[in-house]
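The structure appears below as structure tokens.
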Amino acid sequence: MIKKGKQTYQFEKDIFITDTYSVVGPKENEGPLKNYFHKVFSDDLCGKNSYECAEQHMSLTAAQEILKTNYINPDIYIGGDLLNQIITTAFTARQLNLPYWGVYTACASFGEAIQAASICIESGMNSAMISTSSHFSSAERQYRTPLELGVQRPDWAQWTVTGAGAALLSTNDLDSNGIVIKSITVGKISDYGVTDVDNMGAAMAPAAADSIITHFEDNNVDSSYFDYIITGDLATYGSDILISLLNKNNIDIKNQHCDCGALIYDTKAQHVYSGGSGAGCFATVFCSYFYKLLCNRKIKRLLCVPTGALLSTTSSQQGESIPAVAHAFCVEVK
Amino acid sequence: MKKMSKEEYKTLYEQKKPKAKLFRNCSKAFLVGGLICTIGQGINDILVKIAGINEIDASAYTSIILVFIAAILTGLGVYDDIGKFAGAGSVVPITGFANSVISPAMEFKKEGLVFGTSAKIFVIAGPVIVYGLMTSTICGLIYYIYRVVIAL
């Protein structure tokens, strides 16, 4: 592993993303990416007693499908989710009988898990499985209000994605896809004093901007190097802020940028306010749509920047502002 | 990233914020809120004019009936849709209060009847009850003192 610049690490080994699996709920399946997901549950309770159990079921399904199709026993399972004490991931690991690390950076957890898994493989492990998940209804009852409460939320709010995404990283390119993780940029916390819990786009945009600029500087590249620069869940409103922030730094990513929160739903027709969010947002979009584009060689270089707003109900009720982080990783097709 | 002050950033993101559709939202709230109140008045009139109940009792019965209807609509999963459409129009009337009690009671049923439903039932309506009781007590005291002073 070679350190480049301030926060970026380039890998000497080939770390392949050999397989992915995505599971979503019914609303995500009505969105523009409906043909890309691996499995869809038509009932967001998945036949379980609670939304927490349903989220675990989705997370477990994604992980088990990866293990089943690849006949592999990974050296480590790394994952995260939005619920207190990351119970979804821990309870998934309970069923898997694999060495387990839990990570939490809210909606950037997928990025953190990829980074941790890549470092593990670079340091000698053979394979690692990662997964992150979120569920609209379990997140809503933890962070916001009861589902049946009749209140309006502002247009810049976001809708938590119901779904889970899992990926398998390995030193062997099992399916000969040739998709490798080239480098990672570990994000720093950005906090510009946003206190509105509905305004996660504004809270997270500076973190995304910071990680993108740092990645460019550290690797000495610019936006034209990439086919796509994908952010996690800034949604339409946050993406707009990100583009302006980067413009102020003389960087233009307008032609390459797209945001998973804006992609997963039809923001005009599906009543999702500004777009999707949640630890499952980036995971499901990356593991379905973007992974397929990479496999088909439609795109070759991808900078992924999942973003996370690190607030809790306690911190926001005590008037704290929302710290945010974005963990970037660069994926290329060999 | 170039240094930027919190104030500078705030101006940037406030500029980008989608504009609130004030007129449209106010009209929806006015219509739905007005409709709920009209239904309430209708119930009240029926109770007084047809059932022959005196006016004070009739207004209590009206509240009970409205709360009952809102509770049923919450249970059927309809009230939150009305709320999303009407905003304050369906929050402010007494039906909104019923919705704010029933919805957490339903939501936290999974955590059991003691630690879930009954412990969380006033999680949203609690402040309304606390400050409602406090202000009505204060108003009552002022009214009492005023009457004593008048009597002197």
Which members of the stretch A:243-260 meet the condition of being of a type outside the set (A, V, I, L, M), within 11 Å of chain B (Cβ to nearest Cβ) and not in a loop (DSSP other than H, G, I, E, B)?
A:S244, A:N247, A:K248
Residues satisfying the stated conditions in the stretch A:147-164, i.e. out of contact with any strand residue (DSSP E or B) (no Cβ under 6 Å at 6 or more places or on another chain), more than 8 Å from chain B (Cβ to nearest Cβ) and crowded, with 19+ Cβ neighbours inside 10 Å:
A:A157, A:T162
Only one of (1) touching a Gly at 6+ places or on another chain (Cβ under 9 Å); (2) within 19 Å of A:S134 (Cβ to Cβ); (3) at pLDDT 95 or above is not met by A:T267, so which one is it?
(3)
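Confirm whether A:I230 is under 27 Å from A:D81 (Cβ atoms), among the β-branched types (V, I, T) and over 13 Å from the mean Cα position of the chain (by Cα).
no
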Scan the stretch A:178-195 and give yes if some residue there is more than 14 Å from chain B (Cβ to nearest Cβ), assigned to a loop (DSSP other than H, G, I, E, B), of a type in the set (A, V, I, L, M, F, W, C) and in contact with a helix residue (DSSP H, G or I) (Cβ under 7 Å, 6 or more places away or on another chain), otherwise no.
yes
I need a count of the residues in the stretch B:30-60 that are of a type in the set (S, T, N, Q) and touching a residue at least 60 places away in the same chain (Cβ under 8 Å).
0
Could you grab me the full set of residues in the stretch A:107-149 that are more than 10 Å from the chain's Cα centre (by Cα) and acidic (D, E)?
A:E122, A:E140, A:E148
Which number in (1) surrounded by 14 or more Cβ atoms within 10 Å (Cβ to Cβ); (2) modelled with pLDDT of 95 or more; (3) under 17 Å from the mean Cα position of the chain (by Cα); (4) more than 9 Å from chain A (Cβ to nearest Cβ) marks the one condition that B:T38 misses?
(1)
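Filter the stretch A:196-206 for residues that are part of a helix (DSSP H, G or I) and within 10 Å of chain B (Cβ to nearest Cβ); which is farthest from A:E112 (Cα to Cα)? It would help to see each step written out before you state the result.
Step one: list which residues in the stretch A:196-206 are part of a helix (DSSP H, G or I), which gives A:200-206.
Subsequent filtering for residues that are within 10 Å of chain B (Cβ to nearest Cβ) retains A:201-203, A:205-206.
Values: A:G201: 19, A:A202: 21, A:A203: 19, A:A205: 17, A:P206: 18 Å.
So, considering only residues that are part of a helix (DSSP H, G or I) and within 10 Å of chain B (Cβ to nearest Cβ), the one farthest from A:E112 (Cα to Cα) is A:A202.
Do the conditions hold for A:S131, that is, is it at negative phi, in contact with a helix residue (DSSP H, G or I) (Cβ under 6 Å, 6 or more places away or on another chain) and part of a helix (DSSP H, G or I)?
Values: at negative phi: yes; in contact with a helix residue (DSSP H, G or I) (Cβ under 6 Å, 6 or more places away or on another chain): yes; part of a helix (DSSP H, G or I): no.
In short, no.
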Counting only strands (runs of 3 or more DSSP E) entirely within the stretch A:1-42, those with at least 2 residues that are free of Cβ contacts under 8 Å to residues at least 12 places away in the same chain are A:2-4
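Being buried (at least 21 other Cβ atoms within 10 Å of the Cβ) and either closer than 17 Å to A:L169 by Cα or modelled with pLDDT under 95 (or both) narrows it down to one residue among A:A63, A:A106, A:A54; which is it?
Values: A:A106 fails: either closer than 17 Å to A:L169 by Cα or modelled with pLDDT under 95 (or both); A:A54 fails: either closer than 17 Å to A:L169 by Cα or modelled with pLDDT under 95 (or both).
Step by step, each of A:A63, A:A106, A:A54 is checked, and only A:A63 is buried (at least 21 other Cβ atoms within 10 Å of the Cβ) and either closer than 17 Å to A:L169 by Cα or modelled with pLDDT under 95 (or both).
Residues that are within 14 Å of chain A (Cβ to nearest Cβ), modelled with pLDDT under 95 and surrounded by fewer than 17 Cβ atoms within 10 Å (Cβ to Cβ): find the helices (runs of 4 or more DSSP H) completely inside the stretch B:53-146 holding 2 or more of those.
Numbers: elements: B:55-75, B:79-86, B:88-91, B:94-107.
Per the criteria, B:79-86.
Within the stretch A:89-110, track down each residue that is touching a residue at least 60 places away in the same chain (Cβ under 8 Å) and out of contact with any Cys (no Cβ under 7 Å at 6 or more places or on another chain).
To start, the set of residues in the stretch A:89-110 that are touching a residue at least 60 places away in the same chain (Cβ under 8 Å) comprises A:105-110.
Correct list: A:T105, A:A106, A:A108, A:S109, A:F110.
The values are calculated or read from the model by the stated rules, or taken from the named source; none is laboratory data. What you see is a predicted model; the values in this text were computed from it and never measured. Backbone-built Cβ (ideal geometry, glycine too); neighbour counts: all protein chains shown.
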